[in-house]
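Data first, discussion second: the structure below is written as structure tokens.
The values are calculated or read from the model by the stated rules, or taken from the named source; none is laboratory data. Keep in mind it's a predicted model, so treat the numbers as computed, not measured. We place every Cβ from the backbone using ideal geometry, glycine too, and count neighbours over all the protein chains shown. The area values use the complete protein model at the heavy-atom level, side chains included, leaving out ligands, DNA and RNA. Shrake-Rupley method; radii C 1.70, N 1.55, O 1.52, S 1.80 Å.
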Amino acid sequence: MSAPVRIGLLGCGTVGQAFVQAITEGGPTIERASGHRLEAGPILVRDPTRPRPGVDPALLTTDPEDVLADPEVGMVVELMGGVDPTSGFVRRALESGRPVVTANKQLLSREGDALLELAATAGTELRFEAAAGGAIPVIKVLRESLLAAEIDRLTGIVNGTTNFVLTRMRRAGLDYEAALALAQELGYAEADPTEDVGGADAAAKIAILSSIAFHTRVRFGDVPFEGIDGLHAEDVEIADGLGFAVKLLGVAELVDGAVSARVFPALVPHGHRLASVEGADNAVLLESPGAGEIMLVGPGAGGSETASAVLADVLSILGTQRGSFLHNALADAGRPIAPPGALRSAFYMRLSVRDRPGVLARVASALADGELSIETVLQQGQGDAARLVMILHEGREERMRAAVERISGLEDVREPPVVLHVIGNGDGR
Ligand code: NAP
Ligand code: HSE
């Protein structure tokens, strides 16, 4: 029988409990396949009296020293989330030479470069497959299988909660609040769900994925983001009628040699591969001139789903210790970060106008000044409450912003236009 590997846990909530259950129930299989017997504990939590099915209460502690200073702990799995005090705990574990596995995109997207450097200096490893894309092995694919491929664009649905909410609103007619409450109940949402619906969770994941895809340090603050919290049900319905699904997308690409990474709700044609990704599933579409298009799809959130990626990292570390191929490589092509307005996109625009002669001409002229051209225009209603819906060909985002400002000030335009990105409409991306 092999010597046990003791895994100290920081956090034992939705993912932590599933991880403990996975190594308990899967013990014999794991040992047969990997030659290692995994044992969980000590386990840091805030409230040891909370019921945690499948977790031995004797392993719980509220003192981080019980995990960080225990000489029996051979590896640390961090599943508590957040940046503070988590960062200090992860640093301590790495400094002591112990490998760390984490699912924490908040921490990685802010301090990933420093933590990876620390791991390299201490001669140990930091792995984070579950931090982006849930159970999908996208980081492994980018760091190993596509190591030598030039990626020029990465488009992802990387937040399970928002994809679940949008799907439930469209398919089951649930309202936004009810769909979000269900996502929380199912364990998909962050402890603070505004991270999900406001786009910060997806921005953190896109920062991590684009750092790896473009070998460049992209931090959370480099990724402008919008979420679905400002989205109107009306626009989701209109988009559906026009043949589009609305998805919260992360898009990272090279623009004139610089990395442009963004998160926004976008219209995706129903026939597009990303439109069929529903519920809490995530997908990452990678485009490479050499390797072509590769799309990875799978569960993006959920306790057992995420725990499977955490366990894969643990086993991978044990399997590759000493002379591993997958090391703490730093993302260092050193490309600049593109200014946000540099992104090119097609757009959807909804305007509320008074139906008077010349309104459409004035709107079209403001768009033409920004070199933005109209693909489709649709008018609904008449009189003082007419609605104009347009799909615009691809143009520069900063020009779109300037046009929106001008249009908002036009006579007979009743309120600032609603603008959403459109992708996959046979026009550029
Ligand atoms: P969670 O259910 O809120 O669990 C957090 C755990 O950490 C709880 O056990 C909590 O203790 C403990 N904890 C938090 N702050 C602490 C502190 N200051 N001191 C001691 N213990 C503390 O979170 P989760 O959903 O499992 O997520 C964990 C991590 O995985 C996060 O980084 C999240 O972003 C990431 N992730 C989650 C999912 C998902 O689907 N849920 C998917 C991918 C990645 P108590 O239990 O006593 O409160
Ligand atoms: N709250 C996250 C989501 C969990 O919904 O995608 C997975 O990282």
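General observations
- The residues in segment 338-388 that are among the basic types (Lys, Arg) and open to solvent by less than 70 Å² (accessible area, probe 1.4 Å) can be counted, and the count is 2.
- Residue check, Ser145 more than 10 Å from ligand 2 (Cβ to nearest atom), surrounded by fewer than 21 Cβ atoms within 10 Å (Cβ to Cβ) and polar (S, T, N, Q): yes
- Any hit, segment 112-121, residues being within 18 Å of Asp313 (Cα to Cα) and within 16 Å of ligand 2 (Cβ to nearest atom): yes
- Scan of segment 67-88 for residues that are surrounded by 19 or more Cβ atoms within 10 Å (Cβ to Cβ) and not in a strand (DSSP E or B), ordered by number: Val67, Leu68, Leu79, Met80, Gly81, Thr86
- Some residue of segment 45-58 being aliphatic (A, V, I, L, M) and without any contact (Cβ under 8 Å) to a residue 24 or more places away in the chain: yes
- The criterion of being touching a residue at least 24 places away in the same chain (Cβ under 8 Å) and surrounded by fewer than 19 Cβ atoms within 10 Å (Cβ to Cβ) does not hold for Ala135.
- Filter result for Ala114 (of a type outside the set (D, E, K, R) and either surrounded by 19 or more Cβ atoms within 10 Å (Cβ to Cβ) or in contact (Cβ under 8 Å) with a residue 24 or more places away in the chain (or both)): no
- Of all residues in segment 267-294, those satisfying the criterion of being part of a strand (DSSP E or B) and more than 15 Å from the chain's Cα centre (by Cα) are Leu267, Val268, Pro269, Glu287, Ser288, Gly292, Glu293, Ile294.
- Some residue of segment 185-207 being open to solvent by 50 Å² or more (accessible area, probe 1.4 Å) and free of Cβ contacts under 8 Å to residues at least 12 places away in the same chain: yes
- Criterion (at positive phi and either within 16 Å of ligand 2 (Cβ to nearest atom) or not basic (Lys, Arg) (or both)) met by exactly one of Gly290, Gly230, Gly302: Gly302
- When each of Arg92, Arg98, Arg46, Arg50 is tested for being more than 24 Å from the chain's Cα centre (by Cα), away from ligand 1 (no atom under 15 Å from the Cβ) and either basic (Lys, Arg) or under 30 Å from Gly199 (Cα atoms) (or both), the lone residue that passes is Arg98.
- In segment 1-45, the residues that are within 17 Å of Met75 (Cα to Cα) and of a type in the set (Lys, Arg): Arg6, Arg37
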